[in-house]
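Novice: If you scroll down you'll find the structure; I have some questions about it.
Quick note: the coordinates plus some simple rules give every number you see, no bench work behind them. Keep in mind that this is a model prediction, so the values were computed, not measured. Note: ideal-geometry Cβ built from the backbone for every residue, glycine included; neighbour counts use all protein chains shown.
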Amino acid sequence: MTAESAAAARLVVQAPDIDTPALKALAKLAGAERIDAVSRGGDQAFALTPAVNAAEVFAYCARESLDCAFIPPGQRLDRVRLLAMDMDSTLITIECVDEIADMMGIKREVAAITASAMRGEIDFRESLTRRVALLRGLDVAALQRVYDERLDLSPGAERLLAGMRAVGAQSLLVSGGFTFFTERLKARLGLDHTCANTLEIVDGRLTGRLVGPIVDAEAKAACFQRLRATLAADGGLTVAIGDGANDLPMLEAADVSIAYRAKPVVRARATYAIDRCGLDAVLNLFT
């Protein structure tokens, strides 16, 4: 962001705890005249206005472990029409396929493939096919155990969804993971749309294959763009949140993209990064 574009912006800083000396130092760096508390999320957040000197501010926040963002005028929460989220390690804290593999005692092998794909080192379609093949023969009851015993929502997830729902935005859970989990989360959280891969199950056991087209990076983006064309035709904003390389096409199609506790390749290309706060910190990225 240039100094010119940042001049009319406000700086939002967020963290579980922000002390007064840090706020004063940031106000000086940014040339801010006001510091106001922001209360949409569960962590501490403050808006500093007006704000300039983006490079110095980002460097300071990195040293002090603060999430920061320059918010342009007009980026209002009530303009958001669509919120899209990745599932694994974004809406939820786990990678479902890794936890399923743990039921078979092969978590380390599968997790290594997952990590390589999320870093963008290997093709996602290839990595998914390889991982699912390793699950052949697993009783479907193991999937329910993962959902019941290991799946936790990321901090702030329900507050984020409630905040978006309050302004009329629709939600999309789009995942390279599995419909077994996305459909249960849809019912649990009242999500509007989902898109994910379907595991083939025969006689109560996984076959090691998928049913239907693979939902990869391009399919995620296509699903997002179809909804965007309908929901944001009035000039409203679209928001996408993800953490891995296979989220990048979807993130780049959004008006506002957020890297949530993400891999470096994603953080570098998203509009904003949230590394220290919960998902509800997204609500503070809008006026």
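Novice: Does the range 1-84 come out rounded, prolate or oblate, given a ≥ b ≥ c as the square roots of the eigenvalues of its C-alpha gyration tensor, rounded meaning a/c under 1.5 and, failing that, prolate meaning a/b above b/c?
Specialist: oblate
Novice: Report ³J(HN,Hα) in whole Hz for each residue of the range 58-75, in order, from the Karplus equation J = 6.51 cos²θ - 1.76 cosθ + 1.60 where θ = phi - 60°; Gly and Pro get x.
Specialist: 4, 5, 5, 5, 5, 5, 9, 6, 10, 7, 9, 7, 9, 9, x, x, x, 8
Novice: Between rounded, prolate and oblate, where does the range 88-150 land on the alpha carbon gyration tensor, with a ≥ b ≥ c its root eigenvalues, rounded for a/c under 1.5, else prolate if a/b exceeds b/c?
Specialist: oblate
Novice: Within the chain, count lysine pairs with alpha carbon atoms under 28 angstrom apart where the residues are 8 or more positions apart or belong to different chains.
Specialist: 6
Novice: Among residues other than ASP17 whose Cβ falls under 11 Å from its Cβ, what is the net charge (Lys/Arg +1, Asp/Glu -1)?
Specialist: Result for the local shell: -2.
Novice: Over the chain, with a Gaussian network built from C-alpha contacts below 10 Å, which listed residue (ASP88, ASP275, ASP192) shows the highest mean-square fluctuation?
Specialist: Taking springs between Cα atoms under 10 Å, the residue moving most is ASP192.
Novice: I'd like the per residue volume of the convex hull spanned by the Cα atoms of the chain, given in cubic angstrom.
Specialist: It is 124 Å³ per residue.
Novice: Taking the Cβ-Cβ separation of ALA229 and ARG269 as r and a Förster radius of 25 Å, what is the calculated FRET efficiency to the nearest 0.05?
Specialist: So, using R0 = 25 Å, E works out to roughly 0.65.
Novice: How charged is the neighbourhood of CYS195? Take every other residue with its Cβ under 10 Å from the Cβ of CYS195, and add Lys/Arg as +1 and Asp/Glu as -1.
Specialist: Here the count lands on +2.
Novice: Further question: With θ taken as phi - 60° and the coefficients 6.51, -1.76 and 1.60, list the Karplus ³J(HN,Hα) couplings across the range 23-38 in order, rounded to whole Hz; mark glycine and proline as x.
Specialist: Once θ is set to phi - 60°, the couplings for the range 23-38 become 5, 5, 5, 5, 4, 5, 4, 8, x, 7, 9, 10, 10, 10, 5, 10 Hz.
Novice: I would also like to ask the following. Across the range 254-264, in residue order, what do the Karplus-derived ³J(HN,Hα) couplings come to in whole Hz, using 6.51 cos²θ - 1.76 cosθ + 1.60 with θ = phi - 60° and x for Gly and Pro?
Specialist: 8, 5, 10, 10, 10, 8, 9, 6, 9, 5, x
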